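The values are calculated or read from the model by the stated rules, or taken from the named source; none is laboratory data. Predicted model only: the values in this text are computed from it and were never measured. Backbone-built Cβ (ideal geometry, glycine too); neighbour counts: all protein chains shown.
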Amino acid sequence: MKTRPCPRRILPWLLLPALLLPPLITGCSGIPHFTAGNRSSEISLFNGVTLDGWQGLVADPYKLQSMDEAQRARLQKDADKVMRRHWKVESGILCFDGKGSHLVTQDEYGDFELQLEWQITPGGDSGIYLRGCPQVQIWDHLQNPVGSGGLFNNQKMGANPLEVADSPLGEWNHFRILMKADRVTVYLNDRLVVNDTPLENYWRRNEPLPPRGPIELQSHGTPLKFRNITIKAL
């Protein structure tokens, strides 16, 4: 009686390239968008090479809503031309020369956890707009002793950070910003500076904050640098 040869076993490590290749190919397609499959996953908003996923500022959210599609497209084209003159990628860092206007995500977000690193020059001023609304403050803490990270445009709910947590000028700072409904928590360099505080609607003080909107990196006439920008839906 002849015996059948045993089938050749495939070693698990031989399967790794086949298992890893599809995700790697998918990850090279550009900036990912929130989908049903990745809502709980952290995604990168800045790939360190291009400005994919970003656009120039046209107007505040309410003015945008009042425009027809053709007008928005025309103004967006002009805003993108201005944006590309002043926002550049240099050695994996997003650099702003101090001229022009804000850098705005093409996508909109609701509840999220945003993390990024920023660096500012002496006398500098900037901020992070959440859902298109100002802002988590960034500035030279030597000129503004309250420090960065506060909800600067709040009038009733608290504007200043709980403590000064800025790194020395010329060094990198890290933000971890959590937004749920209208409430914002901010960690600056791993120190709590805003604790579950409502962000007021700067554009329409008597109305609730928009439920969704873009992230904006504010221009305020001074050079800026950003890197490692990620977001995760909550």
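Quick notes on this structure:
- Which numbered condition G56 misses (of (1) surrounded by fewer than 16 Cβ atoms within 10 Å (Cβ to Cβ); (2) at pLDDT 95 or above; (3) of a type outside the set (A, V, I, L, M)): (1)
- Scan region 170-195 for residues that are touching an Asp or Glu at 6+ places or on another chain (Cβ under 9 Å) and modelled with pLDDT under 95 and the total you get is 0.
- Checked against (1) of a type outside the set (F, W, Y); (2) surrounded by fewer than 17 Cβ atoms within 10 Å (Cβ to Cβ); (3) within 23 Å of S91 (Cβ to Cβ), L217 meets all criteria but (2).
- Hits in region 80-111 (condition: under 25 Å from S167 (Cα atoms), buried (at least 19 other Cβ atoms within 10 Å of the Cβ) and out of contact with any His (no Cβ under 7 Å at 6 or more places or on another chain)): W87, L94, H102, L103
- Candidate set: region 112-138, residues that are hydroxyl-bearing (S, T, Y) and either surrounded by fewer than 23 Cβ atoms within 10 Å (Cβ to Cβ) or under 11 Å from the mean Cα position of the chain (by Cα) (or both); chosen: the one modelled with the lowest pLDDT: T121
- Some residue of region 140-151 being part of a strand (DSSP E or B) and either more than 12 Å from D166 (Cα to Cα) or acidic (D, E) (or both): yes
- Evaluated against (1) assigned to a strand (DSSP E or B); (2) buried (at least 17 other Cβ atoms within 10 Å of the Cβ), T230 falls short on exactly one condition, (2).
- Residues that are on the phi < 0 side of the Ramachandran plot and in contact (Cβ under 8 Å) with a residue 40 or more places away in the chain were ranked within region 139-155; the one that is surrounded by the fewest Cβ atoms within 10 Å (Cβ to Cβ) is Q155.
- Among residues of region 189-214 that are touching a residue at least 40 places away in the same chain (Cβ under 8 Å), those with a Cβ under 8 angstrom from a residue that is among the β-branched types (V, I, T) and surrounded by fewer than 18 Cβ atoms within 10 Å (Cβ to Cβ), sequence gap 6+ or separate chain, pair up as V194/T185; T197/T185.
- Condition check for T222: of a type in the set (S, T, Y), touching a residue at least 12 places away in the same chain (Cβ under 8 Å), over 17 Å from M157 (Cα atoms) and surrounded by fewer than 20 Cβ atoms within 10 Å (Cβ to Cβ): yes
- Cβ-Cβ distances below 9 Å connect the following pairs, each with a first residue in region 156-167 that is more than 17 Å from N201 (Cα to Cα) and at pLDDT 95 or above, a second residue that is polar (S, T, N, Q) and in a loop (DSSP other than H, G, I, E, B), and a separation of six or more residues or different chains: P161/S148; V164/S148; A165/S148; A165/N189; D166/S148; D166/N189; S167/N189.
- Any chance R212 is of a type in the set (D, E, K, R), surrounded by 15 or more Cβ atoms within 10 Å (Cβ to Cβ), within 28 Å of N47 (Cβ to Cβ) and at pLDDT 95 or above: no
- Flag for L51 being surrounded by 16 or more Cβ atoms within 10 Å (Cβ to Cβ), of a type in the set (A, V, I, L, M, F, W, C), in contact with a Phe, Trp or Tyr (Cβ under 7 Å, 6 or more places away or on another chain) and farther than 24 Å from L209 by Cα: yes
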